[in-house]
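This report concerns only the one structure given below.
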Amino acid sequence: MGLTRVLGRTGRRVGAIGMGCWQIGGSWGDVAEDAALETLQAAADAGVTFFDTADVYGDGRSEKLLGRFLPTAPEGVFVATKMGRRADPHDASAYTLDAFRAWNDRSRENLGVDTLDLVQLHCPPPPVLTTDAVYEALDTLVAEGRTRAYGVSVETVAEGLDAVARPNVASVQIILNPLRLKPVTEFLPAAAEAGVGVVVRVPLASGLLTGKIDENSTFAADDHRTFNRNGEAFDVGETFAGVPLGAGVQAAKRLAGVAGDVPLAAFTLRWIVEQPGVSVVIPGARNPEQARANAAAADVAAPTTAQLDAVQEVYRDLVAEHVHDRW
């Protein structure tokens, strides 16, 4: 895959389209182990080099699957994991050096590596992001050789801006897609100026921007699109990008028209990659076909000026009123 970017302060060059590994871990319905490994291999074969996971995806299952995959993975594969959600997500006092070491040790064991490529704080309570001791502890993890770099995964633009102001934050992970435009103008320029990499998650709005979901779609009981529709389990912005299903479906239909002959998912991924400051986008995949289709978006032509303007129009007409100001 020829479309590559440098991932901020890590200095590592990665494919601009990566793979998010939440789906193979849990909360998206069951994915058999063999299918998960085949999906990882299909992504790598298609040129994907950046894989994003977390210690809580399937209580470590996602990391362990990656750990089985890594010994035969192509050279240059980069794995980013996350930590922090094993603690009370509202307890800022839990983010201590001792906790970081314990979480880090567990991830390294799951992944079968001595040193992590990148560890990210996993949507921590906002006070964590303004606490000097937290960054000092993260610096200690790097000094101890437990991780090569660290970043932060955030829910809001304000949190992202707090993170990029810190001198050793290598990357920030944030939600951005045609249904979530605030980061384009209010976050990406600041990240680029600071030299911080940007990892874009929820790019397809939990499947809405594949064009394969309608108002009558149903999901398994253990799929977050069933149990977190209104933010019952975690931030509602992680499910359908926080947009009500009906409004999201209508926006997706309009956007499919904007995409023209290009599949909506591929158009969306290419649109994201085209935003100045984005390093890598991490669509998920539950099977090899999805992994290959995601990777192929790198070969799609960049959106035209007319298409970029049309995306803005769809957002203004159908989405903006539903998006919380904090996002």
Selection within the range 305-327 - in contact with a helix residue (DSSP H, G or I) (Cβ under 9 Å, 6 or more places away or on another chain) and without any contact (Cβ under 8 Å) to a residue 24 or more places away in the chain: ALA306, GLU313, GLU321, ASP325
Some residue of the range 293-304 being surrounded by 20 or more Cβ atoms within 10 Å (Cβ to Cβ) and within 16 Å of the chain's Cα centre (by Cα): yes
Filter pass, VAL79 being hydrophobic (A, V, I, L, M, F, W, C) and out of contact with any Asp or Glu (no Cβ under 8 Å at 6 or more places or on another chain): no
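What do you reckon, is PRO203 at pLDDT 95 or above and within 18 Å of LEU308 (Cβ to Cβ)?
It is true that PRO203 is at pLDDT 95 or above and within 18 Å of LEU308 (Cβ to Cβ).
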Number of positions in the range 207-237 that are open to solvent by less than 10 Å² (accessible area, probe 1.4 Å), modelled with pLDDT under 90 and in a helix (DSSP H, G or I): 2
Test set (1) in contact with a Cys (Cβ under 8 Å, 6 or more places away or on another chain); (2) within 17 Å of ARG146 (Cα to Cα) - LEU66 fails condition number: (2)
Positions within the range 17-44 being surrounded by fewer than 19 Cβ atoms within 10 Å (Cβ to Cβ), part of a helix (DSSP H, G or I) and of a type in the set (A, V, I, L, M), in sequence order: ALA35, LEU37
Residue that is surrounded by the fewest Cβ atoms within 10 Å (Cβ to Cβ), among those in the range 271-281 that are aliphatic (A, V, I, L, M) and more than 12 Å from PRO303 (Cβ to Cβ): VAL278
Test: THR268 is open to solvent by less than 10 Å² (accessible area, probe 1.4 Å) and touching a Pro at 6+ places or on another chain (Cβ under 8 Å): yes
Unique match (being basic (Lys, Arg), more than 16 Å from the chain's Cα centre (by Cα) and closer than 30 Å to PRO127 by Cβ) among ARG68, ARG13, ARG86: ARG86
Residue match in the range 181-190 (condition: more than 19 Å from ARG270 (Cβ to Cβ), touching a Ser or Thr at 6+ places or on another chain (Cβ under 7 Å) and not in a helix (DSSP H, G or I)): no
Tabulated pairs, the range 23-41, first of a type in the set (Phe, Trp, Tyr), second open to solvent by 30 Å² or more (accessible area, probe 1.4 Å) and modelled with pLDDT of 90 or more, C-beta under 6 angstrom, 6+ apart or interchain: none
Enumeration of residues in the range 45-55 that are among the hydrophobic types (A, V, I, L, M, F, W, C) and surrounded by fewer than 22 Cβ atoms within 10 Å (Cβ to Cβ): ALA46
Of the criteria (1) at pLDDT 95 or above; (2) open to solvent by 10 Å² or more (accessible area, probe 1.4 Å); (3) polar (S, T, N, Q), which one ASN177 fails: (2)
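The values are calculated or read from the model by the stated rules, or taken from the named source; none is laboratory data. As the structure is a prediction and not an experimental result, all values here were calculated from the model. FYI the Cβ positions are ideal-geometry reconstructions off the backbone, even for glycines, and counts take in every protein chain you see. Ligands, DNA and RNA are stripped out before the accessible areas are found, and what is left, the full protein with its side chains, is counted by its heavy atoms. Shrake-Rupley method; radii C 1.70, N 1.55, O 1.52, S 1.80 Å.
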